[in-house]
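None of the figures in this text is laboratory data; all of them are computed from the coordinates on show. Note that the structure is predicted; figures quoted are calculated from it, not measured. Backbone-built Cβ (ideal geometry, glycine too); neighbour counts: all protein chains shown.
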Amino acid sequence: MTSTTTHRPADQARSPVRHPGLNLGPSHQESEDVREEMVFGFWVFMMSDVIIFGLLFATYVVMLGGTAGGPGPSDLFEMKSAFIETMILLVSSFTFGMASLALKYRTDRKVLVIWLVVTLLLGLGFLFFELKDFHTMFGKGGVPSRSGFISAFFSLVPLHGLHVTGACIWLIAILGQIAVYGVDSFVKTALLRLAILWHFLDIIWIGIFSLVYLGGLS
Amino acid sequence: MSQRELSQEEAKEFVSERRSYAWGYLLSLLLTLVPFGFAAFGDLSRMALWLTIAGCALVQIVVHLRFFLHITWSGNKREDLQLILFTVLILLIMGGGTLWILFSLYYRMMPGMMP
Amino acid sequence: MTDVWSFIFGRLGWDALPFWDAIKDPTTFNIINGVIAGGAAGLVLLGALATVVWITWAGKWRYLWTEWLTSPDHKKIGIMFIVIAMVMLSRALIEAVFMRAQQAVGLDGGFLSPDHFGEFFTTHGTIMIFFMAMPFLTGMINYVMPLQIGARDLSFPIMNQISLGLTAAGAAIVMISLVLAPFSTGGWSGYPPYTELAYSPDAGVDYWIWAVTLSTLSSTLSGINFAVTIYKKRAPGMKLFRMPLFTWTALCTAILMIFGMPPLTVVTALLALDRYLDFHMFTSDLGGNMMNYVNLFWAFGHPEVYILILLPFGIYSEVFATFSGKRLYGYTSLVIATMCIAVLSFTVWLHHFFTMGQSASINAAFGIATMLIGIPTGVKVYDWMLTMYRGRIRISVPMIYAIGFIMLFVLGGLTGIILATPSVDYQVHNSLFLIAHFHNMLIPGTLFGMLSATNFWFPKAFGFRLEERWGRRAAYAWIIGFMLAFFPLYALGVMGMPRRSLTFFEPAYLPWTIAAGVGAIVILFAMLFLLIQLWVSVRDRHSNNMFAGDPWDGRSLEWATSSPPPEYNFPVIPEIHSRDAYMAEKEQGKAYQVPDEFPDIEMPSNSAMGVIIAVTGTAMAFGLTWYMWWLVILSGVVTLVAVIARGFARKTTRTISGDEVRRTHLAWLEHIRRTTPVDRSKEQTSENRGLPVPPVEGAVQ
């Protein structure tokens, strides 16, 4: 097996780093090998997901000219709602980070669950604003059947929304598992994987608000 | 006992990891406010604005990878970093290739699709 | 009444019967096509019924459920993948024979209708790529790779089951489309705007989209599983540069699957959005861009063909080394060449559409990249030749395929370099020259590789050898049949005959199409010989028994187990000290050791997840195709509930006691003690019971 001892600068984590994301370290030694495998496996899956989004981004750029005389970015996008959604998602990344720390350093589940519920509410809030946004767009004639450009928008942004939805469902399922089993090793592995997903949700959103909203509105 | 008895090393680790998330959040906040600010209120030329937005986005993605996902140059298993770098390479090839090919096609065959 | 019908059955109606045209408009032409289509549908139904009846009569339902369908064992799942592949190979071969027959008599007419012919070339390509080659190689990696790296199973056994379920669902959809027709006529590549709703409103393209989506999801998950297993589950001491070449190529194939499948997922999903939700991604109006489809499709398509060929390269590496009695020449260069091919395969996809209209500079750049890929492949060919040089070659069945491959593949590769030149490609693009080229790569490359691997590892998997005589006949028939069926196509392509041509008007084509038709018949016989080989081998399995496990004097770890291996592969995880780990053990006289202790082994428990996903996957795809929305929602909900419920599962493993492990291992060693070792001169005879004589002292092994 590959070596786990590497020289690290003093300010970084001292637990051996076995997988991407926050490592729980030696105090959570039980199932560490399984965790390494499962979190790495999820990391690999995230890579293929990133490629899907990357191709949809490239497709979006390529379809910018396909407005077919219909509404374009400046007609359909609103900076205010994009900003609100961005802030919600960014804060939710931070709150998930706090949840991860609670998982690593606390034995009770109360603080962990609170941070997770806050994250869930932020995620649902994001979805609420996004759906409201789409509704407004439809009202302005921004429906995918109108043009290739709008189709490209609706193939990229709702896919991200679907991923947020999936993450929220997964988070609810994990909260259910915590209620039934407490924070056992299965739950820990699930939370570490969901953390990776959640942070990637925000990374993809950085691409979306930069390229689609800010790029389109400027 | 809700707070685990942390050894001295663990306590230091907790502080540094919490700081990592805090820094990640603050830097990301800044890297979000800057492009939004310029786009909403600024007076830059279009190219300068686009470069600012793109630059802030790329840096913010790296911030997320470093401070939230703890991906560093040396600290990880080799394969974790290898995979994200390979993914970036494939994105550049496929994404860049798509743009190069499609815009050449537009120029030569479908000028109406040029944005 | 019709409202209830259309709610339950969507747009499924009587016209879905494959012989409907023959009933509605009984011309001779329609009747002939109706009989062919009806016959195919009948075969599907008969085959399904016969299977059910046979299992019931043999009383094997419980056995099938507990030992196979719910098993998480990579060996069982690998075998099931290969079974799917062989069934689908038979079907797609028959489709090829029909197409060749049509073109042999196709001057100014022929017997197939245009739509029927369109379905033939679409299903032939779709099945061969997604439901024959991919499952075949997935099954092969599944079976062999964990044994080669000293692991007990893949990293994610239940996900492995799910991969199998998804592929089975896709294959089921393609088979169902024979009974409830039609399938797409848009080719395996499905280019819009032809495949948009405006030009293909019926269920055909939808069948294609969902069958391909199921296969793509399956392959992506398999790729992840394989990569994580190779990264994380290698035995202690098995450093990356000590892995067998098969495992190296499995790793690179897995990386290609992970990064090469997403473009296809994207492009089929976008086409589905166009067809179902009135999007305009690829339509010919309102800002759609069909050229992006071609671009994205081939961004998948090119890595795909390297997925199909890299693993056979690994198989041939094992075969050449084993049957030359020599270690592989140039291991490091083979590994580096594999990695180069894997990376370069992402940089050449435009050569599939040189003629679409982009600038000459872009064409030139991709043309050069395409030619560059030939270089590492050439390195591999030289390495294989040098492996054979000064070896003591045994012409076994796997070796016949390998030697046929090395000659035919180089020829096909040269035609690839021809096609890589954009100006030449403009002349022969989408002609039969192209068809000849890629079949020249796929048949001697992929298919022979799979058949070689089957003959090579069959004894390991089942405990008895495949019969050699019929195996040889099949191999020679494949080689001759392939040459006869495809070399004429090079000539036809240069003479200007386009691909996917139902009929033609140039009499000069006729001798060539007839020759190709004869070749197809020879291939049909080759397939028949393979089936006879299987039948005879099963019949004679007791006299061909090789429980001892090492019929070919193998070099890598999979041969260090019984045939078949126990469920947990190794009683104790081995420690590796060199390449060709097992041959090294034999040379040092350390093979067949008894471990000091036999710890308990934890193995994954059975699970119904694979079966559930197979059922819901089929149901969802069927519902989407025929607009049966209640079925789509129901199967979606069931899938979600199953996945969430799986998250609540806690007792997911079972323990095998160390005592049982010891008993099994000692029984095997006792069997070896009682087996007569044979040297290589007796390898192909029934005296070979799976135990080689110890390696010759001082010989180059």
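Hey, which lysines would be in cross-link range of C:Lys60, C-alpha to C-alpha under 25 Å, not counting anything within fewer than 8 residues on its own chain?
Leaving aside lysines fewer than 8 places away in the same chain, those within reach of C:Lys60 are C:Lys75, C:Lys76, C:Lys460.
Compute a Gaussian network model of chain B, connecting alpha carbons closer than 10 Å, and tell me which residue from B:Val59, B:Val15, B:Val34 fluctuates the most.
Of the options given, B:Val15 has the highest mean-square fluctuation.
Could you list C:Thr446, C:Thr639 in order of exposure, starting from the residue whose Cβ has the fewest other Cβ atoms within 10 Å?
Ascending number of Cβ neighbours within 10 Å: C:Thr639, C:Thr446.
If you split all Cα-Cα distances of chain C into 10 Å bins from zero, what percentages do you get per bin, shortest first?
Reading upward from the zero bin: 3, 14, 25, 27, 19, 9, 3, 0, 0.
Take C:Arg500, project a point 7 Å from its Cα along the Cβ direction, then tell me which residues of the stretch C:103-126 have their backbone nitrogen under 15 Å from it.
Residues C:114-126 fall inside that zone.
So what's the convex hull volume per residue for the Cα atoms of the stretch A:104-188, in Å³?
Dividing the Cα hull volume of the stretch A:104-188 by its residues yields 102 Å³.
So what's the angle, to the nearest 10 degrees on a 0 to 90 scale, between helix C:331-344 and the longest Cα principal axis of chain C?
It works out to around 20 degrees.
Along the charge dipole of the protein assembly as shown, which of C:Ile32, B:Leu31, C:Gly260 sits closest to the positive end, that is, farthest toward it, with unit charges on the beta carbon of Lys, Arg, Asp and Glu (+1, +1, -1, -1)?
Of C:Ile32, B:Leu31, C:Gly260, it is C:Gly260.
Which part of the stretch C:451-471 falls in the paramagnetic zone of C:Arg680, meaning amide N under 17 Å from the point 7 Å along Cα-to-beta-carbon?
Taking a point 7 Å out along Cα→Cβ of C:Arg680, the residues of the stretch C:451-471 whose backbone N falls under 17 Å are C:456.
Which value does Rg/Rh take for the stretch B:23-99 over its C-alpha atoms, Rh per Kirkwood?
Dividing the radius of gyration by the Kirkwood radius yields 1.07.
If you count, for every residue in A:77-85, the Cβ atoms of partner chains within 10 Å of its Cβ, what is the mean?
1
Once every Cα of the stretch C:10-88 carries one equal point scatterer and solvent is ignored, give the base-10 log of I(q)/I(0) from the Debye formula at q = 0.13 Å⁻¹, two decimals.
Treating every Cα as an identical point scatterer, log10 I(q)/I(0) equals -0.65.
On full extension of the chain, what length is gained from C:Asp25 through C:His542, given 0.36 nm per residue of separation minus the C-alpha to C-alpha distance?
That works out to 180.5 nm of additional length.
Among C:Pro192, C:Met99, C:Ala168, which residue has its Cα positioned farthest towards the positive end of the charge dipole of chain C, with +1 placed on the Cβ of Lys and Arg, -1 on the Cβ of Asp and Glu, and the dipole taken about the Cα centre?
C:Ala168
Given all pairs of different Cα atoms, what value in angstroms does the Kirkwood hydrodynamic radius of the stretch C:453-597 take?
That comes to 18.8 Å for the stretch C:453-597.
May I ask you to derive the FRET efficiency for B:Trp23 and C:Leu666 from their Cβ-Cβ distance with R0 = 45 Å, giving the value to the nearest 0.05?
Between B:Trp23 and C:Leu666 the formula returns 0.15.
Show me, for the stretch A:147-155, the HN-Hα J-couplings you get by feeding each phi into the Karplus relation (A = 6.51, B = -1.76, C = 1.60, θ = phi - 60°), rounded to Hz, glycine and proline as x.
Karplus-based 3J(HN,Hα) across the stretch A:147-155 equals 7, x, 4, 5, 4, 5, 4, 6, 8 Hz.
Say we join alpha carbon atoms closer than 10 Å with springs in a Gaussian network model of chain B; which of B:Arg18, B:Arg66, B:Arg46 then has the biggest fluctuation?
In the Gaussian network model the winner is B:Arg46.
What is the gain in length, in nm to one decimal, between C:Trp61 and C:Ser333 on full extension, counting 0.36 nm per residue of separation less the C-alpha to C-alpha distance?
Result for the pair: 93.0 nm of gain on full extension.
Points 7 angstrom from Cα along the Cβ direction at C:Ile521 and A:Val34: gap in nanometres?
With each label placed 7 Å out from Cα toward Cβ, I get 6.1 nm.
Show me, for the stretch C:639-654, the HN-Hα J-couplings you get by feeding each phi into the Karplus relation (A = 6.51, B = -1.76, C = 1.60, θ = phi - 60°), rounded to Hz, glycine and proline as x.
4, 4, 4, 4, 5, 5, 4, 4, x, 8, 6, 10, 9, 9, 10, 9
When the helices in chain B are scored as -39500 (n - 2.57) per DSSP H run of 4 or longer and the sum is shared across all residues, what 222 nm value do you end up with, to the nearest 500 deg cm²/dmol?
-26000 deg cm²/dmol
Quick one: helix C:28-58 against the long Cα principal axis of chain C, what's the angle to the nearest 10°, folded into 0 to 90?
Long axis of C:28-58 versus the principal axis of chain C: about 30 degrees.
Mind checking which lysines have their C-alpha under 16 Å from A:Lys132, skipping anything on the same chain fewer than 8 residues away?
A:Lys80, A:Lys140
Give the calculated FRET efficiency between C:His577 and C:Thr652 to the nearest 0.05, with a Förster radius of 45 Å applied to their Cβ-Cβ distance.
The computed FRET efficiency comes out at 0.85.
Please compute the average number of Cβ atoms from other chains found within 10 Å of each residue's Cβ in peptide C:218-225.
The per-residue average across the peptide is 3.
For the stretch C:576-664, which trypsin sites (Lys or Arg not before Pro) are in a loop by DSSP, counting at most 12 other Cβ atoms within 10 Å?
C:Lys590, C:Arg650, C:Lys651
Cα to Cα, under 25 Å, and not fewer than 8 places away if on the same chain: which lysines meet these conditions relative to A:Lys104?
A:Lys188, B:Lys12, B:Lys77, C:Lys232, C:Lys651
Work out how much length C:Asp600 to C:Val638 would gain on full extension: take 0.36 nm times their residue separation and subtract the Cα-Cα distance, in nm to one decimal.
10.1 nm
For peptide B:9-15, compute the average count of partner chain beta-carbon atoms within 10 Å of each residue's beta-carbon.
Neighbouring Cβ atoms belonging to other protein chains average 4 per residue here.
Separation between the C:Ala48 and B:Leu33 pseudo-spin-labels, each 7 Å from Cα along Cα→Cβ, expressed in nm?
6.3
Just the Kirkwood number for the stretch A:25-217, please: inverse of mean 1/r across all distinct Cα pairs, in Å, one decimal.
It works out to 18.0 Å.
Report, in degrees rounded to the nearest 10, the 0 to 90 angle that the Cα long axis of helix C:74-104 makes with the longest principal axis of chain C.
40
Please report the equivalent ellipsoid semi-axes of the stretch C:241-353, computed as sqrt(5 x eigenvalue) of the Cα gyration tensor, largest first, in whole Å.
39, 12, 10
Could you order peptides C:385-395, C:98-108, C:168-178 by the average number of other Cβ atoms within 10 Å of their residues, highest first?
In decreasing order of mean packing, C:385-395, C:98-108, C:168-178 become C:168-178, C:98-108, C:385-395.
Per the Debye formula with a single identical scatterer at each Cα and no solvent contribution, what log10 I(q)/I(0) holds for the protein assembly as shown at q = 0.08, 0.10 Å⁻¹?
The calculated log intensity ratios at q = 0.08, 0.10 Å⁻¹ are -0.85, -1.36.
Using the Cα atoms of the stretch A:50-100, I'd like the radius of gyration and the largest Cα-Cα distance, Dmax, both in angstrom.
Expressed in Å, the Cα Rg and Dmax of the stretch A:50-100 come to 15.8, 48.
Can I get the semi-axes of the stretch B:73-115's equivalent ellipsoid? Compute them from the C-alpha gyration tensor as square roots of 5 times the eigenvalues, in angstrom, largest first.
For the stretch B:73-115, the ellipsoid semi-axes come out as 36, 7, 5 Å.
Among A:Ser185, A:Ser145, A:Ser155, which one moves the most in a GNM of chain A with springs linking Cα atoms closer than 10 Å?
In the Gaussian network model the winner is A:Ser145.
Using the 10 angstrom Cβ neighbour count as an exposure proxy, how do A:Thr119, C:Thr2 rank, fewest first?
With the sparsest Cβ surroundings first, the list reads C:Thr2, A:Thr119.
Going by how many other Cβ atoms sit within 10 Å of their own, how do C:Asp383, C:Asp596 line up, fewest first?
C:Asp596, C:Asp383
I need to check one value: relative contact order of chain A, counting alpha carbon pairs closer than 8 Å and at least 6 residues apart, in percent.
The value is 30 percent.
Taking the Cβ-Cβ separation of B:Arg46 and A:Leu121 as r and a Förster radius of 51 Å, what is the calculated FRET efficiency to the nearest 0.05?
0.85
Points 7 angstrom from Cα along the Cβ direction at C:Ile480 and A:Ile172: gap in nanometres?
Inter-label distance under the simple model: 6.6 nm.
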